[in-house]
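The values are calculated or read from the model by the stated rules, or taken from the named source; none is laboratory data. Being a predicted model, the structure only gives us computed values, none of them experimental. Quick reminder, even Gly has a Cβ in these numbers, built from the backbone with ideal geometry, and neighbours come from all protein chains shown. Quick note on the areas: whole protein, heavy atoms, side chains included, nothing else; ligands and nucleic acids left out. Shrake-Rupley method; radii C 1.70, N 1.55, O 1.52, S 1.80 Å.
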Amino acid sequence: MSNPELARRLREARELASVSQQAAADHVGIPRTAITQIEAGNRLVSTLELSKLAELYRRSISWFLADVQQHDDDVLIALHRLAPGLQEDDAIRFQVDRCVSLCREGVNLEKILGREERPVPPVYQEPAPNSVWEAVRQGHKVADQERRRLGLGSSPLPDLAELMVDQGIWASGANLPGTMSGLFLHHPSIGMAILVNAQHPRARRRFSYAHEYAHALFDRDRVANVTTTDNRVERVEQRANAFASAFLLPAEGIDDELRQLGKGQPSRGDVLVFDAATGGSIEGQARPAPNSQTIGFQDVAYIAHRFGVSYEAATYRLKSLRRISQAESLELLTSAMQDAGRDYLRALELFDDLEGMDTPQRGTRELRSRIAHLAIEAYRRGEISRGRLLDLSKALEIEGRQLFDLAEVARSA
């Protein structure tokens, strides 16, 4: 492997781990200028130094030394290198590989149909954040920009998987390891794809879709980006979380909901009106009824359901927007208040909308429906054979005769 590539990976790993060059140098026991030279490709790194840096950056030695061309040629090899946990369970690996294979089929069908120019979202050129504050600021800013670009206003978002597909990104649920919430892939063979953990509740999957969408906007230069509990402290992951929170729960939208609930008003309002008779002013003061503005568990649960997020996510967002205080947020996040919020949703038969689970078929429906549509259209135009259509039916887990009959109807119409 070329020295410049090793230098690039060392720099990328350090930035992802939010480690300064000085901290890396102190950990290894070398001058900061040596780290600078290593990352510039001007100085070789010893085996011992590489081992210490890999430990500090929470990466395996193989992550730095694996053959570059091999991994870039196959998105699955790159993915399994970055997420070795996928290999530990054959069923999980099979499903992830199947989803990636479906994405490949989709790209091939689009080429056959002459649809190679897929709509894609813009790339937001933001520098790597060097603090939590910078990560949050970038995430919030781009979330607002994306909502304006997509014409979403401040309303709750529709189905996130559909939104991703409309932006030219394959989207699907998949059974991932419990510590993994989702992943973003970008490769010529599949385009862009987002997979979220199908074993997580609906509200969490929505947040994961928004989180991985942030990687599509910020971090598209990487073949794969995997979100796990192990890398949650990385600045790019914190930025993606901030984006997801602001994208799903826009400030203006939350304020609209609070007004509908009769909440969120200031504790005191001053009124000043010009007095035509004297040329002076008339002053007054409005005070809401005592405790009328307190945001309770039922309000948080209502907002959570309106925007399709978890009770916890809604609480944190209210705190971030300063609609509730630190003390109020801690009270709302106690087990008693969270249980009350869930009971409130159960009483109104809303609980499953957030905490319910989907069947494996439903979790992959957006990806499968898009590929099925392309397959029927390709057959209708005579671009693929009956045998190829039947092969695709197996990958789509659709009964072969059923897909063939539908394709025949389309051809004869």
Filter region 392-406 for residues that are closer than 17 Å to Leu367 by Cα and open to solvent by less than 80 Å² (accessible area, probe 1.4 Å); the one that is modelled with the lowest pLDDT is Ala395
Here the qualifying pairs (Cβ atoms under 8 Å; residues six or more apart or on different chains; first in region 122-133 and closer than 16 Å to Ala214 by Cα; second surrounded by fewer than 12 Cβ atoms within 10 Å (Cβ to Cβ) and charged (D, E, K, R)) come out as Pro122/Arg149
Practice item. Examine region 89-98 for a residue that is surrounded by 13 or more Cβ atoms within 10 Å (Cβ to Cβ), of a type in the set (Val, Ile, Thr) and within 30 Å of Glu383 (Cα to Cα), and state whether such a residue exists. Key: yes
Taking region 333-370 and keeping residues farther than 30 Å from Gly168 by Cα, in contact with a helix residue (DSSP H, G or I) (Cβ under 6 Å, 6 or more places away or on another chain) and small (Gly, Ala, Ser) leaves Ala340, Gly341
In region 22-40, anything closer than 15 Å to Glu55 by Cα and either touching a strand residue (DSSP E or B) at 6+ places or on another chain (Cβ under 9 Å) or not charged (D, E, K, R) (or both) is listed as Ala23, Ala24, Ala25, His27, Val28, Gly29
For region 380-387, state whether one or more residues are among the basic types (Lys, Arg), surrounded by fewer than 21 Cβ atoms within 10 Å (Cβ to Cβ) and more than 28 Å from Met192 (Cα to Cα). yes
Counting only residues in region 109-124 that are more than 18 Å from Glu383 (Cβ to Cβ) and modelled with pLDDT of 90 or more, the one most open to solvent (accessible area, probe 1.4 Å) is identified as Val123
* Asked: Any residue at all in region 143-160 that is touching a strand residue (DSSP E or B) at 6+ places or on another chain (Cβ under 7 Å), under 23 Å from Val96 (Cβ atoms) and either open to solvent by 10 Å² or more (accessible area, probe 1.4 Å) or touching a residue at least 40 places away in the same chain (Cβ under 8 Å) (or both)?
  -> no
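Please verify whether Ala78 is modelled with pLDDT under 80 and not charged (D, E, K, R), treating the condition exactly as stated.
Criteria met by Ala78.
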With the first residue restricted to region 379-403 and required to be at negative phi, and the second required to be outside any helix (DSSP H, G or I) and of a type in the set (A, V, I, L, M, F, W, C), Cβ contacts under 7 Å at 6 or more apart or on different chains are Glu383/Leu113
Note on Ile30: of the conditions (1) at pLDDT 80 or above; (2) among the β-branched types (Val, Ile, Thr); (3) surrounded by fewer than 17 Cβ atoms within 10 Å (Cβ to Cβ), unmet is (3)
Tyr316: passes all of (1) part of a helix (DSSP H, G or I); (2) open to solvent by less than 70 Å² (accessible area, probe 1.4 Å); (3) within 21 Å of Leu160 (Cβ to Cβ) but (2)
Subset of region 209-235, residues without any contact (Cβ under 8 Å) to a residue 60 or more places away in the chain and under 18 Å from Ser131 (Cα atoms), comes to His215, Asp219, Arg232
Please verify whether Leu163 is in contact with a Leu (Cβ under 6 Å, 6 or more places away or on another chain) and either outside any loop (DSSP other than H, G, I, E, B) or in contact (Cβ under 8 Å) with a residue 60 or more places away in the chain (or both), treating the condition exactly as stated.
no
